[in-house]
Each structure stands twice: as C-alpha cells, then as structure tokens.
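Please treat every number below as a calculation from the coordinates, not as lab data. These figures come from a predicted structure and were not determined experimentally. Virtual Cβ from ideal backbone geometry, glycine too; neighbours counted across all protein chains shown.
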Amino acid sequence: MSCNCKKPGTGGERYVPVEERTGGTSVVYFTRDLSPEGLLMIYDKVSDGLTGKVAVKLHTGEKDGPNIIPRPWVKELFAQKLDENAAIIETNTFYEGDRDTTEKHRETIAHNGWTFAPVDITDEDEHALLPVKGGKWFENMSVGKNMLNYDSFLALTHFKGHVMGGFGGSNKNIGIGCASGTEGKKWIHQREGSDDMWSIAEEELMERMAESTKATIDYFEGHISYINVLRNMSVSCDCEGTAAQPVVTPNIGIVASKDIVAVDNASVDLVYALTEEDHHDLVERMETRHGHRQLTYMKELGMGNDKYVLIDLDNDGQEITPAFAVKDVVPFEG
C-alpha cells in the first residue's frame, strides 16, 4: 500500500513564524480553564457538526500513565454532552507491551479506569482501507474497521512531546492512533524490508503520519472537530507511561478548532510563546525530531490553514495573540 515514489520534504527542524504564513485563515478557540468546565465550554464551540454516532479518539494511556487527559474530565463530557451513541475509540499498538493485543489492551483500559463509557478497539477484528487523496507515500491507509461505524469524530488530544514525532497533537492522535496496529502503524514506521520497526524518521515519518491522518479526516469531512489539551506536557508521549520524562513545561490551556492544521499550529505557537526557560525542552524535542514537518505537510496536502485567529473564551471572545494567551502562565514546579 506504500508507493515510496518521491523523496521527503525538508525543513521540519525549523519553526515557521506566524508572519511568514500565507493563505486562508481559520478560527481557533482558547481557554485557560483546565477543568471539566473548561473542556465542556470549548467543546460547545466546535460541536455543531458532531451528529449521529460520535467516535471520541483519545489516548487511554499505558498502565498508570501520569499525564493523560484526566478521566473525570472525559466522564463529564460524556455525561453532559454526548449521548449513548458515543464511544471512545482506540487501536492496538505496533510495539509490544500492555496494548498490542486486544486482550491486553482491554485489561489496561479497565486498569486505568475508562469504565464510564464504551471503548471500541476498532481494529479488534478487522481492518479497512481508506483512500489517501494526493498522498506521495500511500494510496490507502489501513484503519480499524469499526471506525467506519461512526458518523462523526472528535479528536480529544493531550498535546505533548513525542520521542519520534517531536510533538503529539491532533495529527499524531489520528494518524497513529487510528491506523491499525499490525498494518497501518507498520506502514508508517517501518521501511519495507527493514528489520528495524522504527526505521522511518524525521521528514518522512511526519509526512506518512499526516497522510494517514488525511485518510480519516477526509472520511469524516464536515463531521470532525479537534480539541488539544496543553497540560502536563512532557517531552515524552503518553505511550511511554510511567517511564515518561518529567514535566517541566507550564500548563497553558485548551484549544479547539474545526481545522486540524490551525489547531496544531496554535498549540505549537503557544509553546513557542513561553519564555526560553519554560519552553526549552519541548521546543528542542520538536526541532531535533523535525516535528514541524507535520504542520507544513498537512498544509501542502490541503488539510487546513496554518493562519488562524485565536479567540479568548475567558475574555468575552476577544481575538488575542499566543503571547498574550501565555503571559500569566505559572512555571511548572512538579
């Protein structure tokens, strides 16, 4: 399913400042309220297209993972805003561990307390192929077949660093999180013929990830929204569980949009708007892994706009800059 027909792009180590971005503009909502109430408030701003049976894609975590979105927040979201047709969706992992088989994955989900809503491991039984329109690495992406049972999709993402992707936002949550464990994830991470399951990195990895994401968001076109929670942002992904590096980046807030490119760009911009001392570790992780290629390639694929207006829900919906949004953040003290 991979064509390997073109060389990857470059520049993923470089942050593209807002003033250098061109093209259309999208809306991103922002709140500093890191609580169930804050999540409910910002959900309302992007929920109008979420109709019918709603898939909520979030990272349910490795056993006892310390940094995932708090379960009580998600429980309140389901209780207040989502009906009995909604479910959390996941897929099994490519790497060996507590989530690489459905049996182990379900035990980990229960251990972590995700018992208040259905959790659908979408690749439990079968995979399905979704087309990748305009991709250079893939013609199709393998996803969990059960995902096609849903009418709408909410990407509820814990924004943080990532050991290979540089950062994990909505793109990573969907591109890796919806790809099937034994097929799609392998296509993204492992070069054909290689014994190294992590043989694809930097620009090529970011591009493959984005193409995987595009397959899913095209499928749910008009019925998909994105929420990124910028809290407990280690340089490590939640897939590292209790082995994640300590959190040193201040908590910022929650952003939401109907544009995946805008919401991930806004999240990165908010991190860069912090002081050098506060953002050093996370910025270094983004740049050394060439993570910014996620953003530029999504734009090249026509997945959204990297320019946006940031709407401050805590201040009567006024338009603000990322620098204004983070001016009062409290340094993280552990």
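Phi angles across region 193-205 convert, under the Karplus curve 6.51 cos²θ - 1.76 cosθ + 1.60 with θ = phi - 60°, into 3J(HN,Hα) values of x, 8, 8, 8, 6, 10, 6, 9, 8, 6, 3, 5, 4 Hz, Gly and Pro given as x. Rounded to the nearest Å, what's the spacing between the alpha carbon centres of region 91-155 and region 267-289? Just the number, please. First find each Cα centre; the distance between them is then 30 Å.
Karplus-based coupling profile of region 233-238, in residue order and whole Hz: 8, 6, 6, 9, 6, 5, with θ = phi - 60° in 6.51 cos²θ - 1.76 cosθ + 1.60 and x standing for Gly or Pro.
Give me the Kirkwood hydrodynamic radius of the chain in Å, from all C-alpha pairs, to one decimal place? Kirkwood hydrodynamic radius for the chain: 19.5 Å. Under the criterion of Cα pairs below 8 Å and six or more residues apart, the relative contact order for the chain equals 27 percent. The alpha carbon gyration tensor of region 206-250 gives principal lengths a ≥ b ≥ c with a/c of 1.5 or higher and a/b greater than b/c, which makes the shape prolate.
Taking all Cα pairs closer than 8 Å and separated by 6 or more residues, the relative contact order of region 98-208 comes to 18 percent. The phi torsions of region 115-122, fed into the Karplus equation with coefficients 6.51, -1.76 and 1.60 and a -60° offset, translate into couplings of 10, 8, 8, x, 10, 9, 7, 5 Hz, rounded to whole numbers, with Gly and Pro shown as x. Pairs with C-alpha atoms separated by more than 18 Å, drawn from the list K299/K327; K186/K299; K45/K81; K160/K299, are K299/K327; K186/K299; K160/K299. Toward the positive end of the charge dipole of region 18-325, with +1 on the Cβ of Lys and Arg and -1 on the Cβ of Asp and Glu, the farthest Cα among A117, L301, T182 is that of A117.
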